[in-house]
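Step one of this worksheet: look at the structure below.
The values are calculated or read from the model by the stated rules, or taken from the named source; none is laboratory data. Remember, it's a predicted structure, so these values are computed and weren't measured experimentally. Heads up, the Cβs are rebuilt from the backbone with ideal geometry, glycines too, and the neighbour counts pull from every protein chain shown. Just the protein is used for accessible areas: all its heavy atoms, side chains included, with ligands, DNA and RNA removed. Shrake-Rupley method; radii C 1.70, N 1.55, O 1.52, S 1.80 Å.
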Amino acid sequence: MGSLSSSQKSRAGVSLYSRYINRPVGRVFAAAAASIGISPNGVTAVSALCSALGLIVLVIWPAGWATGLVVAILLVLGFALDSADGQVARLTGHGSLAGEWLDHVVDSGKMVAVHACVLVAAATQGLLTGAWLLIPLGYMLVAVVLFSGMTIFELLRRTQPRQADPPRSPSTIRAIGLLPADYGVLALAFLLWGASQTFFVVYAALGGMTAFVTVALLLKWFRVLKRAD
């Protein structure tokens, strides 16, 4: 665990959930995976499996508290393992371009699948009807744009010569503001699946706030890349 402490990403620029829950839990999983010889790609595969099982349960099982609990647990585990694969790669020195590519492919699939499965479950179980079914589609669009924008921004930044920036202190205000856009918060929202109306109110609110965060981040990233030009 001591070696993992030096393998952590900066806490700046992430939400409180990722800072205090997802990364620490991922750290435990990373230590366990490294100790038994599971590769970073193997951790990515287990992460994908947990997320896929959670979404299958969401679609197949009838809406209820038990369904929501199982879905939330599996999605939270999948997200923590998604953090663990990178930590294992940094700890063991077995990081690779192929592994990073695989991690991003799984993440992009997850971003689409979670909202697609909410749409399917809502439609087939009569939880939403008519124009209300546009809510998951809108949320999906926002999630894809945010993830794609972030990924491409980081990729383009790597191609630019960068001066060493002074380390930033983590901002609590920023970390709170990013909470609605954190996948872990969305995963926990499924605990409300037994009260479908309450769930969809929270779900729509998270989608709206994520859209606001997305616009703010896109404008920021555009300005940064504009200056790099």
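Brief remarks on what is shown
- Dipole check for the chain: with +1 at the C-beta of Lys and Arg, -1 at the C-beta of Asp and Glu, and the Cα centre as origin, the magnitude is about 760 Debye.
- Projected label points at Arg158 and Thr198, each 7 Å from Cα along the beta carbon direction, are separated by 4.3 nanometres.
- Net charge of neighbours whose Cβ lies under 15 Å from the Cβ of Val106, counting Lys and Arg as +1 and Asp and Glu as -1: -4
- Accessible surface, 1.4 Å probe, highest first, among residues Tyr139, Tyr20: Tyr20, Tyr139
- Phi-based couplings in Hz for region 57-66 (Karplus 6.51, -1.76, 1.60; Gly and Pro marked x): 4, 4, 7, 8, 6, x, 4, x, 5, 5
- Total charge dipole magnitude, region 79-209, about the Cα centre, Cβ charges on Lys, Arg, Asp, Glu only, Debye to nearest 20: 260 debye
- Protein-only accessible surface order, largest first, of Trp193, Trp101, Trp61, Trp221 at 1.4 Å: Trp101, Trp61, Trp221, Trp193
- When the trypsin sites (Lys or Arg not before Pro) in region 127-229 are filtered for DSSP coil states and for at most 13 other beta-carbon atoms within 10 Å of their beta-carbon, the remaining sites are Arg162, Arg168.
- Taking every protein chain into account, the 1.4 Å probe leaves Ile152 with about 90 Å² of accessible area, to the nearest ten.
- Binning all Cα-Cα separations of region 166-218 at 5 Å, short to long from zero, yields these whole-percent fractions: 4, 18, 23, 21, 15, 9, 5, 2, 1, 0.
- Portion, in percent, of the accessible area of region 87-226 that falls on carbon or sulfur, probe 1.4 Å: 72 percent
- Cα→Cβ-extended label distance, 7 Å offset, between Ala216 and Val112, nm: 2.9 nm
- Each of Phe147, Leu77, Val105 was placed along the dipole of the chain (beta-carbon charges, centred on the mean Cα), and the one lying farthest toward the positive end is Phe147.
- Phi to ³J(HN,Hα) by Karplus 6.51 cos²θ - 1.76 cosθ + 1.60 over region 122-127, Hz, x for Gly, Pro: 5, 6, 6, 9, x, 7
- Computed from backbone phi, the HN-Hα couplings of region 20-30 come to 9, 10, 5, 5, x, 5, x, 4, 5, 5, 5 Hz, rounded to whole numbers (Karplus: 6.51 cos²θ - 1.76 cosθ + 1.60, θ = phi - 60°; Gly and Pro given as x).
- Summary value for the chain: 29 percent relative contact order, contacts being C-alpha pairs under 8 angstrom separated by 6+ residues.
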